Amino acid sequence: MSRTRTALLAAMALVAGATGTAYAVAPDGVGAAAVPCTVNYQVQNQWDTGFTAAVTVTNLGAAKSSWAVKWSYAGNQRVTSGWNAKVTQSGSNVTAANESYNGTLATGGSASFGFQGTYSGSNAIPATFTLDGVTCNVDGGGGPTDPTDPTGPGDRVNNPYSGAKVYVNPEWSAKAAAESGGSRIANQPTGVWLDRTAAINGVNGGMGLRDHLDAALAQKGSGELVIQLVIYNLPGRDCSALASNGELGPTEIGRYKTEYIDPIAAILADAKYASLRIVTTVEIDSLPNLVTNTGSRATATPECDVMKANGNYVKGVGYALNKLGDVGNVYNYVDAGHHGWIGWDDNFGPSADVFHDAATAEGATPADVHGFITNTANYSTLKENNFTINSSVAGKSVRESKWVDWNRYVDELGFAQAFRNELVSTGFDTNIGMLIDTSRNGWGGTARPAGPGATTSVDTYVDGGRYDRRIHIGNWCNQSGAGLGERPKAAPESGIDAYVWMKPPGESDGASKAIPNDEGKGFDRMCDPTYTGTPRNGNNLTGALPDAPVSGHWFSAQFQQLMRNAYPPLS
């Protein structure tokens, strides 16, 4: 999150609200006194055909006895009603004039009003606002006025997905389109995984980071575009896995910095790419391991104890946040596990504390964190509708069921919203937003329950009604029965910046048997359908699909299953 933006908002006492917000603020290096006025335009609620918005205008010029704020819509938005201002519209042009009781606007004073409107298609944030004919949010009323276009360091918007297209990886798209029925989703945006140093320049003739950024510029055209990158190469990576898929040893923090993060940061800082909104998912499956898989816990591993002791997960994430956060159009989202990992009482708060430790390590600050992402490359259901954490059956709470096992959360949406609040309480900015990876958590198809389970016991009730059909919530590799989830979408719920497909559907989680390779990718028996598990999955079968290739390689059988079991279903 922009250091400049955070400071400016604090100085102007503009308090953030729900996700779906876009802030129009001064560009980096512009002092508050040089800006004649600021406008905070915030989409509070949005549904298929309508939305409500709140607007705060702050006057930094001479005092006024009356005022009028004006903007224009690029789409077909229509204002239907307003409050605390006379809001009128002519064509695409909107005027909000003061009421009789709030016309006075002192120097440094603010006025707030709201309205309800309709739209179809996109609901992009207006590019330019004026107060009594003077352009707000820019130095002296001149220069670039599009608050959604980061043209220099620190010019970040509150939600990078709002009003923007998202990059479609042409390599993944071609593989999807080549599958029978795959053309239905081949145009969906997915993450670009930088899972080893070689991926920066491209592997085996494939696209490197610059190639993807250049392709993103071509897709961007004259609008806004987000490109999603997965930063995933910590030293001692995957410490809780049965076989590490990382290339760097536990002590190789120097190589991580100089050979991996520094080259990525240098490429992203190229002025050629300044018009892109670059979203990074920072080091999945790392920091939560320091809480859940260390010490005296049954799930502890010696490898995770080493990484906690040497501090290289915290140092690595901090270094990445610091270096990438210095690039003005980069939006860092730190991986936050999922509800079936850190939703328990003894994991929830401590995980937030570890994230804060990382965000203050190696020169990073919480301002370098734009938000967090949950369920990356995982399968946890977005929303369980057939039971809640407060349900009771046969005299027992749902929390007592074998599936929930005393967790505080039963799905990703509730967890992500609650964990956002916990993160804010530890010192992260109140404007942070959450992403949820919905690439493989739809759980549709014939096995999807139509309603609650039988009430004969709490286990039959939960097991009969839960959408997530995994054997155990600790299973994570190429899960049998999984389906595509919600399609990528901006600002779908309060506190959620977007649903994303960060994990490209059809790319294997890992090989179901040992396969020699030159990629440094070991064989993890949690990908073997015959393996009977570890304490982390209750010593159950893994639920993995057979005949899977090495992680990241195309897995046609999985791709076909994901389409077949998609929810919402594919048309």
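The values are calculated or read from the model by the stated rules, or taken from the named source; none is laboratory data. Everything numeric in this text was worked out from a predicted model, so none of it was measured. No Cβ is skipped: glycine too gets one built from the backbone with ideal geometry, and neighbour counts run over all protein chains shown. The accessibility values were calculated without ligands, DNA or RNA, using every heavy atom of the protein model including side chains. Shrake-Rupley method; radii C 1.70, N 1.55, O 1.52, S 1.80 Å.
Quick look at the values:
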| quantity | calculated |
| --- | --- |
| Computed [θ] at 222 nm, deg cm²/dmol, the chain (DSSP H ≥ 4; -39,500 (n - 2.57); rounded to nearest 500) | -6000 deg cm²/dmol |
| Accessible surface, 1.4 Å probe, highest first, among residues Ile432, Ile253 | Ile253, Ile432 |
| Exposure of Thr365 as accessible area (Å², to 10), given a probe of 1.4 Å and all protein chains | 50 Å² |
| Glu400, Glu303, Glu519, ranked by accessible area, largest first (probe 1.4 Å) | Glu303, Glu400, Glu519 |
| Proximal lysines relative to Lys175, as straight alpha-carbon distance under 17 Å, when same-chain residues fewer than 8 apart are discounted | Lys503 |
| Calculated from backbone phi, Karplus (6.51, -1.76, 1.60) coupling profile of the stretch 379-394 in Hz, x at Gly/Pro | 10, 5, 4, 5, 8, 8, 9, 8, 7, 10, 5, 8, 6, 9, 9, 6 |
| Per residue accessible area of the stretch 487-571, 1.4 Å probe, in Å² | 40 Å² |
| Accessible carbon and sulfur surface of the stretch 375-445 relative to its total accessible area, %, 1.4 Å | 43 percent |
| Net +/- balance of residues flanking Ser571 in space, Cβ distance below 14 Å, scoring K and R +1, D and E -1 | +3 |
| Those aspartates and glutamates that a straight Cα-Cα span of less than 16 Å connects to Lys257, excepting residues fewer than 8 apart in one chain | Asp195, Glu247, Glu283, Asp326, Glu362 |
| Reachable lysines, given that their alpha-carbon falls under 17 Å from the alpha-carbon of Lys308 and they are not under 8 places away in the same chain | none |
| Average accessible area per residue (Å²) across the stretch 148-238 - probe 1.4 Å, nucleic acids and ligands excluded | 33 Å² |
| Whether the stretch 251-310 is rounded, prolate or oblate, judged on the alpha carbon gyration tensor where a/c under 1.5 counts as rounded | oblate |
| Three-way shape call for the chain based on the alpha-carbon gyration tensor, with the a/c threshold at 1.5 | prolate |
| Neighbourhood net charge (11 Å Cβ-Cβ; Lys/Arg +1, Asp/Glu -1) for Tyr273 | +2 |
| Sequence ranges 347-359, 53-65, ranked by mean other-Cβ count within 10 angstrom, highest first | 347-359, 53-65 |
| Computed over the stretch 329-421: relative contact order in percent, which uses C-alpha pairs under 8 Å that are six or more apart | 38 percent |
| DSSP bridge orientation in the chain - percent antiparallel, rounded to nearest 5 | 65 percent |
| Anisotropy class of the stretch 442-563 from Cα gyration tensor, a/c 1.5 cut | oblate |
| Of Lys220/Lys489; Lys272/Lys521; Lys272/Lys315; Lys70/Lys220, pairs whose Cα-Cα distance is over 24 Å | Lys272/Lys521; Lys272/Lys315; Lys70/Lys220 |
| Which of Tyr409, Tyr331 is most accessible, then next, and so on - probe 1.4 Å | Tyr409, Tyr331 |
| Average Cα contact separation per residue, the chain, under 8 Å, 6 or more apart, as relative contact order % | 12 percent |
